[in-house]
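The values are calculated or read from the model by the stated rules, or taken from the named source; none is laboratory data. Since the structure is predicted, the reported quantities are computational estimates derived from the model, not experimental observations. Here the Cβ positions follow ideal geometry from the backbone for every residue, glycine too, while neighbour counts run over all protein chains shown.
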Amino acid sequence: MVTTIDRGRYTCALDSDPKIVITAITARELGKAAVVVGDQVDLVGDLSGAEGSLARIVRVMDRKKSLRRSADDSDSSERVLVANADQLAIVVAATQPEPQPRLIDRCLIAGWHENMKLILIITKIDLASPVDLVNSYQDLVSQIMTINKESDLTKIIKVLNNHTTVLVGSSGVGKSTLVNSLLPSTLRRTGEVNLVTGRGRHTSTSAEAMMLEENSWIIDTPGIRTFGIAHVPTETIGHAFSDLQPYLAKCLKSCLHSQIDCGLNAITENEIELTKRADSLRRLIAAKTIDL
């Protein structure tokens with residue numbers, strides 16, 4: 001399994017003994033960007049893991065899943081972030097930085113598109129209440145966990161066991177702090193949030209897969225500020241909003257959710273959260289209409 005990539009060098013963990021770490025390069029015929037963190041690969045050459053040894057990646061196994069994003073909503077080309085993760089854990093802070101619902105929605109849609117189990121981890125609950133976030137997403141994800149720096153992580157570890165879980169989120173939300181708490185030996189760099197802009201500094205510069213326990217991996221990724229979903233079919237976006245399905249079921253098949261007869265118009269002004277969710281769906285759909 002490919003665990004890190006750095007300047008043309010691929011760090012791999014052997015399936016037979018993940019503690020043996022192999023440094024490898026790719027065979028020329030594979031081309032550029034053919035291998036990502038999480039890929040299962042075939043190696044030839046020196047597999048001892050000794051200092052200075054070097055193996056070669058000669059084959060990339062078919063991916064079971066791949067978390068992908070496009071550069072923006074006008075770019076139909078996509079980039080694979082990580083391969084073979086079966087769980088997507090979106091990490092968001094209750095505050096500092098403030099939650100970005102539209103970014104969360106986009107990550108959910110990308111994970112939904114790959115049939116990944118979706119988890120929301122809310123950090124910094126000692127600084128602000130997570131109630132609004134929990135209410136907004138409790139019907140959209142498989143599980144929501146709320147933590148601070150002093151929290152017991154037993155429940156999170158249980159959810160991560162026997163899975164490969166990719167962590168995504170904005171800079172400063174506490175992904176690296178969470179990884180350091182789960183795996184103190186990793187010591188991923190952490191950063192502070194800029195009090196003026198409300199944004200965090202990028203501390204993780206590349207994706208890295210780390211073994212939590214046997215058959216359990218977590219993949220930390222660099223902080224994100226955008227998440228293009230141009231590669232996701234329009235109908236998938238609607239399916240990701242399970243809380244809106246009773247209204248979407250009333251739409252015509254060709255509905256772009258901007259028409260007068262759209263089923264979403266049945267949502268009343270008093271249903272504030274559903275109104276917000278419908279607005280988020282419509283904005284995402286609008287970004288996709290260029291592809292229709």
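Yes or no, residue by residue, for (1) exposed (fewer than 12 other Cβ atoms within 10 Å of the Cβ); (2) among the hydroxyl-bearing types (Ser, Thr, Tyr); (3) at pLDDT 80 or above:
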position	(1), (2), (3)
Ser216	no, yes, yes
Gly228	no, no, yes
His231	no, no, yes
Asn265	no, no, yes
Thr275	no, yes, yes
Arg282	no, no, yes
Lys288	no, no, no
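Kindly check whether there is at least one residue in region 76-83 that is of a type in the set (Lys, Arg), surrounded by fewer than 20 Cβ atoms within 10 Å (Cβ to Cβ), at pLDDT below 90 and part of a strand (DSSP E or B). Working first, answer last.
Let us first name the residues in region 76-83 that are of a type in the set (Lys, Arg), namely 79.
When the remaining residues are screened for being surrounded by fewer than 20 Cβ atoms within 10 Å (Cβ to Cβ), the result is 79.
Filter again for at pLDDT below 90, leaving 79.
Going one step further and asking which of them are part of a strand (DSSP E or B), we end up with 79.
Yes, the conditions are met somewhere in region 76-83.
Scan region 32-42 and tell me whether some residue there is surrounded by fewer than 17 Cβ atoms within 10 Å (Cβ to Cβ), in a loop (DSSP other than H, G, I, E, B) and either of a type outside the set (A, V, I, L, M, F, W, C) or touching a helix residue (DSSP H, G or I) at 6+ places or on another chain (Cβ under 6 Å) (or both).
Going residue by residue through region 32-42, those that are surrounded by fewer than 17 Cβ atoms within 10 Å (Cβ to Cβ) are 32-34, 40, 42.
Still in the list and also in a loop (DSSP other than H, G, I, E, B): 32-34, 40.
Add one more test, that the residue is either of a type outside the set (A, V, I, L, M, F, W, C) or touching a helix residue (DSSP H, G or I) at 6+ places or on another chain (Cβ under 6 Å) (or both), and what stays is 32, 40.
For region 32-42, residues surrounded by fewer than 17 Cβ atoms within 10 Å (Cβ to Cβ), in a loop (DSSP other than H, G, I, E, B) and either of a type outside the set (A, V, I, L, M, F, W, C) or touching a helix residue (DSSP H, G or I) at 6+ places or on another chain (Cβ under 6 Å) (or both): present.
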Would you say Val92 is under 30 Å from Leu127 (Cβ atoms), touching a residue at least 40 places away in the same chain (Cβ under 8 Å), touching a Pro at 6+ places or on another chain (Cβ under 7 Å) and surrounded by 16 or more Cβ atoms within 10 Å (Cβ to Cβ)?
yes
Is it the case that region 68-82 has a residue that's small (Gly, Ala, Ser), within 30 Å of Val134 (Cα to Cα) and in contact with a Gly (Cβ under 7 Å, 6 or more places away or on another chain)?
yes
Residue list for region 252-263, filter: in contact with a helix residue (DSSP H, G or I) (Cβ under 8 Å, 6 or more places away or on another chain) and either at pLDDT 90 or above or hydroxyl-bearing (Ser, Thr, Tyr) (or both):
Ser258, Gly263
Considering only region 161-170, state which residues are more than 19 Å from Val2 (Cβ to Cβ) and under 14 Å from the mean Cα position of the chain (by Cα).
Gly169, Ser170
What pairs come up if the first residue lies in region 234-259 and is in contact (Cβ under 8 Å) with a residue 24 or more places away in the chain, the second is of a type in the set (Phe, Trp, Tyr), and their beta carbons are under 9 Å apart, counting only those six or more places apart or on different chains?
Thr236/Trp112; Ile237/Trp112; His239/Trp112; Ala240/Trp112
Of the numbered conditions (1) not in a loop (DSSP other than H, G, I, E, B); (2) not assigned by TED's automatic domain parsing to the domain that holds Leu133, Leu47 fails exactly one; give the number of that condition.
(1)
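Kindly indicate whether any position in region 103-119 is modelled with pLDDT under 95 and on the phi > 0 side of the Ramachandran plot.
Yes, there is a match, as at least one residue in region 103-119 is modelled with pLDDT under 95 and on the phi > 0 side of the Ramachandran plot.
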